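Step one of this worksheet: look at the structure below.
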Amino acid sequence: MKPIERISMYLKFRSITPHSFEKKIILSNGYFSKQLRNLGSVGSDILIKIHETYEELNILWVLTGQGQMLQHPSQTREGQLQQADEFTMRFETENKKLKNLESDMEKLSVVIKDKEKIITLYEFMLTNNNNNQNTIADAI
């Protein structure tokens, strides 16, 4: 089966007339029907127009017959844009969480430093208090 026949299958599947197809991808009137009648080849420029206009149509299937006629929605440009939007929203959410965690870490770091200073002061006071008591005991 030739690509022109597979394109015809897609048009029948979607109930698209050859005339509206030609008009949509800017082909001369009757071009597609003539190519189909003669089982002619489809040029790369026309395949590009088809691919850009009918995003759900799997262009690999049109060329080789391999795979499915219709692409999975995530493979279409619209699907890719939707995935990009979802990724962006997820990224922004995760980025906000990360910034909050970084802020919390900075606050905790300050608290830890303060506690370390307090512990150092207590140790200093204990050491000085023991030294003072030893000095007093030695004097008595």
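Just so you know, all these numbers are worked out from the coordinates, no wet-lab data involved. Computed from a prediction, not measured in an experiment: that's the story for all the values here. We place every Cβ from the backbone using ideal geometry, glycine too, and count neighbours over all the protein chains shown.
A compact table of results
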{"read-out": "Whichever residue in the stretch 53-72 is without any contact (Cβ under 8 Å) to a residue 40 or more places away in the chain, touching a helix residue (DSSP H, G or I) at 6+ places or on another chain (Cβ under 8 Å) and part of a helix (DSSP H, G or I) and, among such residues, is surrounded by the most Cβ atoms within 10 Å (Cβ to Cβ)", "value": "ILE59"}
{"read-out": "Scan of the stretch 1-18 for residues that are closer than 26 Å to LEU81 by Cβ and buried (at least 16 other Cβ atoms within 10 Å of the Cβ), ordered by number", "value": "ILE7, TYR10, LEU11"}
{"read-out": "Qualifying positions in the stretch 8-38 - part of a loop (DSSP other than H, G, I, E, B), over 15 Å from LEU57 (Cα atoms) and of a type in the set (Ser, Thr, Tyr)", "value": "THR17, SER28"}
{"read-out": "Residue that is within 36 Å of the chain's Cα centre (by Cα) and surrounded by 18 or more Cβ atoms within 10 Å (Cβ to Cβ), where the choices are PHE21, PHE32", "value": "PHE21"}
{"read-out": "Top-ranked residue of the stretch 39-52 - restricted to ones that are in a loop (DSSP other than H, G, I, E, B) and among the hydrophobic types (A, V, I, L, M, F, W, C), ranked as nearest to THR64 (Cα to Cα)", "value": "VAL42"}
{"read-out": "Residue match in the stretch 35-49 (condition: over 20 Å from LYS2 (Cβ atoms), without any contact (Cβ under 8 Å) to a residue 40 or more places away in the chain and among the acidic types (Asp, Glu))", "value": "no"}
